[in-house]
Amino acid sequence: MRLENESFVGSTVMPWKLLQRHGELVSKDEIVPYCVQIFPTFKCNGKCRWCDYRGLDRSVELTAGELRGIADHFRKLGTRAFVLSGGGEPTMHEGLDEFIAYAHGAGFHLGVVTNGLKWGARGEVLPANGKVVWVRMSIIDTETGKYDVKRLARLAAGLPDAEIGVSFTVTNAVDVGTALGLMDIVESTGNITHIKFVEDIINFAPEGMARIRETCGPISEKCIFQDRLSREQGAERCLVSLLKPTIGADGYVYPCGCVQFVRGGDDYDFTMPKEFRMARWNEFSRSTPPFNGAICRRCPFDRHNRILAGLRTEFKHERFI
Ligand code: SF4
Ligand code: SF4
């Protein structure tokens with residue numbers, strides 16, 4: 001992978017941005033909740049076969065007032081960016097455009113992860129254009145060959161001032177034709193920065209990944225391949241939970257955006273499990289203790305945690321690098 005492409009990957013790779021900006025984020029006593037993920041709603045209009053959130057109560061969502069309250073509360077804590085994601089599908093929240101305008105006006109940098117069913121429907125310029133830095137569109141059907149790849153072109157046309165990425169889930173039944181159809185659009189569209197082929201998180205798919213790597217890899221430098229072989233034990237002091245927590249549509253703060261699968265084993269209930277709750281959003285503060293990640297057997301942020309711990313450690317012989 002081109003090193004620049006690691007700009008678009010939040011987990012599993014070396015956290016370069018953390019290393020570059022650590023002076024703003026980490027001190028001996030505190031970690032700033034710098035980038036917060038919000039799931040505005042658990043509602044979803046997709047039916048992805050591999051959905052790892054399929055056990056959520058789809059009627060739950062944050063109110064417009066709570067969303068504004070989250071922006072106000074976290075601005076005081078030093079948060080600089082929000083990722084609006086799910087959980088559910090963020091564009092299913094009626095107040096999303098209003099919240100984007102509010103948070104943008106308050107100075108936050110915004111990213112949105114969407115399945116594109118709404119934002120990729122028409123190709124008209126969307127209200128979020130000029131307010132969101134990036135949008136990542138997840139492909140909801142990568143297996144049947146029936147996916148309308150032009151949805152990606154319409155979404156990119158609707159957000160001409162944003163950088164668009166694509167997330168393509170790879171299973172062992174992956175349809176290579178769908179991937180190639182998308183690749184044509186990725187290659188020919190200026191504001192599409194990358195297509196990330198992500199291995200199914202629950203049922204690993206090494207054969208599917210190998211097929212996709214072989215066919216798509218040589219075509220474009222915009223390809224990113226993300227395997228899911230992480231078996232790293234979570235940290236007992238999970239400092240990631242203070243740096244980039246996730247707020248569920250149920251109003252609770254969770255330590256990371258991967259709580260639905262990190263326990264490993266076969267006991268998935270495809271929800272955000274209660275034992276991961278850290279606080280209600282309005283009770284979260286810079287003195288909230290870090291989450292105990294001893295229950296996590298598949299931590300994708302192991303490197304982040306080691307580096308955060310290292311940045312707060314006084315090492316001896318500091319000039320002997
Ligand atoms: S779009 Fe996301 S939340 Fe909705 S069904 Fe697909 S994977 Fe699940
Ligand atoms: S998987 Fe566990 S230890 Fe790792 S970042 Fe998430 S909550 Fe923390």
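Structure notes:
- Dividing the helix sum by the residues of the chain, where each DSSP H run of 4 or more adds -39500 (n - 2.57), gives a mean residue ellipticity at 222 nm of -7500 deg cm²/dmol.
- With a Förster radius of 35 Å applied to the C-beta separation of W16 and S188, the computed FRET efficiency comes to 0.75.
- Those GluC sites (Glu not before Pro) in segment 189-271 that DSSP places in a loop and that have at most 16 other beta carbons within 10 Å: E221, E236
- When Y254, Y102 are arranged by Cβ crowding within 10 Å, least crowded first, meaning fewest neighbours, the order is Y102, Y254.
- In a fully extended conformation the segment linking R58 and F204 would gain 50.0 nm over its present Cα-Cα distance, using 0.36 nm per residue.
- The radius of gyration of the Cα set in the chain, together with its Dmax, comes out at 19.2, 60 angstrom.
- Bins of 10 Å, starting at 0 and running to the largest distance - Cα pair percent for segment 34-102: 20, 50, 25, 5
- Residues whose placed amide H lies under 5 Å from that of E163, excluding near-sequence neighbours: W134, V135
- For segment 91-198, a Kirkwood hydrodynamic radius built from all Cα pairs, placed in the Stokes-Einstein relation at 20 °C and 1.002 mPa s, yields a translational diffusion coefficient of 151 µm²/s.
- Label-to-label distance for E214 and S7 is 3.3 nm, based on points extended 7 Å past Cα in the beta-carbon direction.
- Under 17 Å from K146, Cα to Cα: lysines that are on another chain or at least 8 residues apart: K47
- Reach of K28 by Cα under 24 Å, taken over lysines that are not fewer than 8 positions away in the same chain: K17, K76, K244, K316
- Spacing of the two label points (7 Å from each Cα toward its C-beta) at R286 and D227, in nm: 4.1 nm
Computed from the coordinates by the stated procedures, all read-outs in this text should not be read as laboratory data. In this text the structure is predicted, and so the values were computed from the model without any measurement. Quick reminder, even Gly has a Cβ in these numbers, built from the backbone with ideal geometry, and neighbours come from all protein chains shown.
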